[in-house]
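Remarks on the structure that follows.
The values are calculated or read from the model by the stated rules, or taken from the named source; none is laboratory data. Since the model is a prediction, treat every value here as computed from it, not as a measurement. Note that we place each Cβ from the backbone using ideal geometry, even for glycine, and neighbour counts take in every protein chain shown. Quick note on the areas: whole protein, heavy atoms, side chains included, nothing else; ligands and nucleic acids left out. Shrake-Rupley method; radii C 1.70, N 1.55, O 1.52, S 1.80 Å.
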Amino acid sequence: MEPGPGEGGAAAGAVHFHGDEEIIEVVELGPPGPDDLANEMEDVDFDEEAIQGAEEQAWETEEEDEGVEDGMEAQDDSEVTFSEHSASVFCVSLDPTTNTLAVTGGEDDKAFVWRLSDGERLFECSGHKDSVTCAGFSHDSMFVATGDMSGLIKVWQVDTKKEIWSFDVGDLEWMEWHPQAHVLLAGTADGNSWMWKIPSGECKTFQGPSCPATCGRVLPDGKRAVVGYEDGTVRIWDLKQGSSLHVLKGQDGHQGPLTCVTSNKDGSLVMTGSVDCHAKLVNSATGKVVCVFKMESAASKPPAGEAESNSVESLGFCNVMPLAAVGYLDGTLAIYDISTQSLRQRCQHESGIVQLLWEDGAAVVYTCSLDGAVRLWDARSGKLISEYRGHSAEILDFAVNKDASIVVTTSGDHQAKVFCVQRPDR
């Protein structure tokens with residue numbers, strides 16, 4: 001993913017379409033203003049040499065420092081740094097039962113399970129031959145799965161640290177554990193989605209269109225999954241029957257590849273995001289589009305042959321209020337009110353948003369971005385609550401623990417970091 005230019009604020013408008021039975025509302029964000037383009041950042045390699053005893057840590061930085069924004073590498077708000085990866089760290093997941101362990105995967109073809117409290121490595125998930133882009137724990141933290149870009153997926157038993165299963169699927173796009181069972185799902189570049197019982201390896205496939213299945217999510221009922229595809233279509237699958245319950249294509253689908261899909265807590269609503277800058281709210285029972293949150297691109301269209309720099313990068317539903325958040329590559333965080341289907345707040349970042357997560361029990365959105373910072377936003381007021389820095393390159397993934405006291409980030413600077421989140425209102 002290429003960093004897009006950070007762009008400024010914009011006006012909001014709404015267009016109503018009246019169909020036969022339902023009203024589809026399109027909420028438009030107008031073109032951003034002519035703010036300065038965010039500075040492009042170069043990766044900077046840090047070699048961290050841990051020196052035991054009372055001696056301070058020695059830092060060696062390579063000489064290409066100039067590409068990093070001033071002060072970016074100086075401020076480090078993190079409590080713990082995990083630096084066993086030797087290249088960009090692409091993904092992180094926390095163990096759901098205790099929230100004491102992390103698994104990270106990286107461009108160095110390695111994945112590690114390590115302790116959040118002190119960054120101590122528990123074990124390496126060895127044997128990958130390509131960048132590890134997917135990693136996650138099963139719902140009960142018994143197993144951890146790691147997947148690389150070539151499609152080699154491995155499952156490890158956490159307590160014994162032993163590999164118990166592996167399978168090669170071809171180019172991997174996404175991977176996710178079932179929320180209630182030892183069942184693993186994945187989507188591949190040939191358009192298939194796969195489902196395995198672990199550790200038996202009993203397998204089922206769900207055949208999509210002949211283009212990559214770019215993103216997927218098991219719905220909270222554990223019986224259905226929503227999968228987005230490169231051709232702009234979305235399918236809701238019945239996992240037991242192996243059949244598609246709903247297919248959204250044409251006007252109901254997207255005009256570009258899907259980048260992300262998610263659902264609300266009870267699974268009644270699905271939200272889909274795409275490089276077409278639209279986010280669609282879909283009734284998962286009927287497969288009908290309820291509303292479209294639409295982002296207009298900058299007024300000046302890019303030259304012919306060049307891709308537009310903006311897209312929806314991440315989505316999420318608030319658990320405690322009827323709010324949805326959409327994060328865009330141009331740095332816009334849009335908070336939409338689901339009940340009125342209108343834009344409620346707009347929070348502008350200096351550079352592109354990589355991912356967003358809602359706090360479990362509050363109307364607070366966490367974002368990580370290409371400028372290397374984690375930010376907490378009050379979704380009701382749109383105000384920035386706090387900001388945490390420590391990485392010398394873009395953040396590529398992050399996770400928040402259950403009680404929202406810890407954020408774990410991974411970055412292009414080859415490191416993963418643990419930040420303790422201090423909230424004055426708690």
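Heavy atoms only, 1.4 Å probe, whole protein assembly: order ARG115, ARG375 by accessible area, highest first. Display every interim value, and only then the final one.
Numbers: ARG115 90, ARG375 15 Å².
I get ARG115, ARG375, largest accessible area first.
Does the stretch 145-287 classify as rounded, prolate or oblate by the C-alpha gyration tensor (a ≥ b ≥ c root eigenvalues; a/c under 1.5 gives rounded; else a/b over b/c gives prolate, otherwise oblate)? Don't skip to the end; give the middle numbers.
On the way: a/c = 2.05, a/b = 1.58, b/c = 1.30.
Prolate.
Can you sort HIS414, HIS254 by solvent-accessible area, 1.4 Å probe, largest first?
Result of the area sort, largest leading: HIS414, HIS254.
For the stretch 131-205, what value does the Rg/Rh ratio take when both radii are computed over Cα atoms and Rh is the Kirkwood radius, given to two decimals? List each step's numbers first, then the result.
Working: Rg = 11.2 Å, Rh = 12.0 Å.
Using only Cα positions, Rg/Rh for the stretch 131-205 is 0.93.
With no solvent and one equal point scatterer per Cα, compute the Debye intensity ratio I(q)/I(0) for the stretch 313-359 at 0.16 Å⁻¹ and report its log10, rounded to two decimals.
-0.39
Hey, what's the Kirkwood Rh for the stretch 241-282 if you take every pair of different alpha carbons, in angstrom?
Values: mean 1/r = 0.0894 Å⁻¹.
After inverting the mean inverse Cα-Cα distance, the result is 11.2 Å.
At what distance in nm do the modelled label points of SER339 and ASN319 sit from each other, each positioned 7 Å from its Cα along Cα→Cβ?
The answer from the label model is 2.0 nm.
Grab the beta carbon distance between GLN207 and LYS288, set R0 = 25 Å, and tell me the FRET efficiency rounded to 0.05. Write out the running numbers ahead of the final one.
Working: r = 24 Å, r/R0 = 0.95.
The pair GLN207/LYS288 has a calculated efficiency of 0.60.
Cross-chain or 8 or more residues apart, Cα under 12 Å: how many lysine pairs in the stretch 166-321 fit that? Count them up, please. Mind dumping the intermediate values first?
Numbers: LYS204/LYS240; LYS223/LYS240; LYS249/LYS288; LYS280/LYS288; LYS280/LYS294.
Lysine pairs, 8 or more places apart or on different chains, close enough: 5.
Ranked from the most accessible area to the least, with a 1.4 Å probe and all protein chains present, what is the order of TYR229, TYR388? Could you put the intermediate results ahead of the total?
Details: TYR229 0, TYR388 25 Å².
Largest to smallest exposure gives the sequence TYR388, TYR229.
In the stretch 153-220, which GluC sites (Glu not before Pro) are in a loop and have at most 13 other Cβ atoms within 10 Å, using DSSP for the loop call? Spell out each step's value before the answer.
On the way: sites: GLU163, GLU173, GLU176, GLU202; in loops: GLU202.
The qualifying sites are GLU202.
Can you check how the C-alpha radius of gyration of the stretch 304-426 compares to 2.2 N^0.38 Å, as a plain ratio?
Values: Rg = 14.3 Å, N = 123, 2.2 N^0.38 = 13.7 Å.
Expressed relative to 2.2 N^0.38 Å, the Cα Rg reads 1.04.
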